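First up is the structure itself, then whatever we jot down about it.
The values are calculated or read from the model by the stated rules, or taken from the named source; none is laboratory data. As the structure is a computational prediction, the values presented were derived from the model and not from experiment. We place every Cβ from the backbone using ideal geometry, glycine too, and count neighbours over all the protein chains shown. Keep in mind that these areas ignore ligands, DNA and RNA; they rest on the heavy atoms of the full protein, side chains included. Shrake-Rupley method; radii C 1.70, N 1.55, O 1.52, S 1.80 Å.
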Amino acid sequence: ARYSDNVTLLAPAELPTSPVSPSKMKNTLLGMVVGAMVGVGAAFLREYLDDTIKTADDVSQALGLVTLGNIFRIGAGRTLKDSLVTSVDGRSPVAESYRILRTNLAFCGVGNPGGAIVVTSAGLGEGKTTTAANLAVVMAQMGKRVILVDTDLRRPMLAKMFELNGTDGMSTLLVGQGPVGDADLIPSEVPNLRLIPSGPIPPNPAELLGSPRMAEVIQSLRQQADVVIFDAPPALAVTDSSVIASQVDGALLVIDAGETRREVVQRAAEMLQKGGVKLLGAVLNKLQPGKRGGYYYQYYYKYYGSEKKRHKKS
């Protein structure tokens, strides 16, 4: 009570009109900053842990191979025939990427009379059949005599893609005798391109493909074409690809860009090379325009298209 004379009331206490804490603005800004940092960190972590093959540099580092083709992802079609983009839409960027693959193969010596290659992949669904078929089409469009052979005697697709009827094909030839004749080669809608479907699925595909008769068939086909393209099963699924590819000029390894893991591709390449196969190079398939390797192709075609329109107007 004796200190009451020393207390001076400066102003009466007032109730606050707004909360002192929490500060919505401050917390919102802090949350945005922390969220951005977490997002960037997660993106870098995902990139660090991602071991899929995406670019030509990845192919070179993982396999020591050159990338001969960078193929855009083909849009979903109603039928398998829609995958023949080089025949259906020859002016598209996808079709042009197959022409670049054709040119790069020519530098490897493929396309001279009697040339023969195998197109395979590490696993299922990477686009080896689509690659083989479109490559055959663009080579035939250049005037080359091309024979496209379905040697996937387990899950054949070429007959459906080209809408072929009949049961005779490669398996029929392998149990027959004598050279391959014109009657065994089915003309396609593309001039200069002839086909041999798989034929009836046999119980022993590997034995047929590795038989002396297979070597006779390959030699006979070489004599009738500038290039023979064999669509073979995935390398890691069965040994068929190694058996066939060891008897021809080499193999193309198709890789699903951004999906196929580095370790898987390395095992496939190692298996092929152990089988005496010469790997000509890789094909990066299903590239997404605007992502890494696909960006430069997308930019080029946009520029090329605008230049064509400009020249037409002038």
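A simple packing score, the average count of other Cβ atoms within 10 Å per residue, orders the peptides 217-226, 25-34 as 217-226, 25-34, with the highest score first. Placing +1 on the Cβ of every Lys and Arg and -1 on the Cβ of every Asp and Glu, with no other charges, gives segment 130-211 a dipole of roughly 200 debye about its Cα centre.
Ordering 201-208, 150-157, 257-264, 109-116 by mean Cβ neighbour count within 10 Å, with the highest value first, yields 150-157, 257-264, 109-116, 201-208. For Gln288 and Ala183, the FRET efficiency from 1/(1 + (r/R0)^6), where r spans their Cβ atoms and R0 equals 45 Å, is about 0.55. For segment 90-215, the carbon plus sulfur part of the accessible surface works out to 55%, probe radius 1.4 Å.
Length gained on full extension, Gln61 to Lys278, computed as 0.36 nm times the residue gap minus the Cα-Cα distance: 76.3 nm.
Relative to the current alpha-carbon distance between Ala13 and Phe107, full extension at 0.36 nm per residue lengthens the span by 24.8 nm.
The simple spin-label model puts a point 7 Å past each Cα toward its Cβ; for Val88 and Ile201 those points are separated by 2.5 nm.
Excluding same-chain neighbours fewer than eight residues apart, the aspartates and glutamates reachable from Lys128 by a Cα-Cα span under 12 Å are Asp150, Asp152, Asp231, Asp256. The simple spin-label model puts a point 7 Å past each Cα toward its Cβ; for Asp168 and Gln223 those points are separated by 1.9 nm. Close amide H contacts of Gly111 (hydrogens built in the peptide plane, cut-off under 5 Å, sequence separation of 5 or more or a different chain): none are found.
Model label sites at Lys81 and Arg213, defined 7 Å from Cα along the beta-carbon direction, differ in position by 3.2 nm.
Backbone N atoms of segment 216-243 closer than 19 Å to the 7 Å Cα→Cβ label point of Met271 belong to residues 230-243. Note on Arg261 and Arg154: with the Förster distance fixed at 25 Å, the Cβ-Cβ geometry gives a FRET efficiency of about 0.60.
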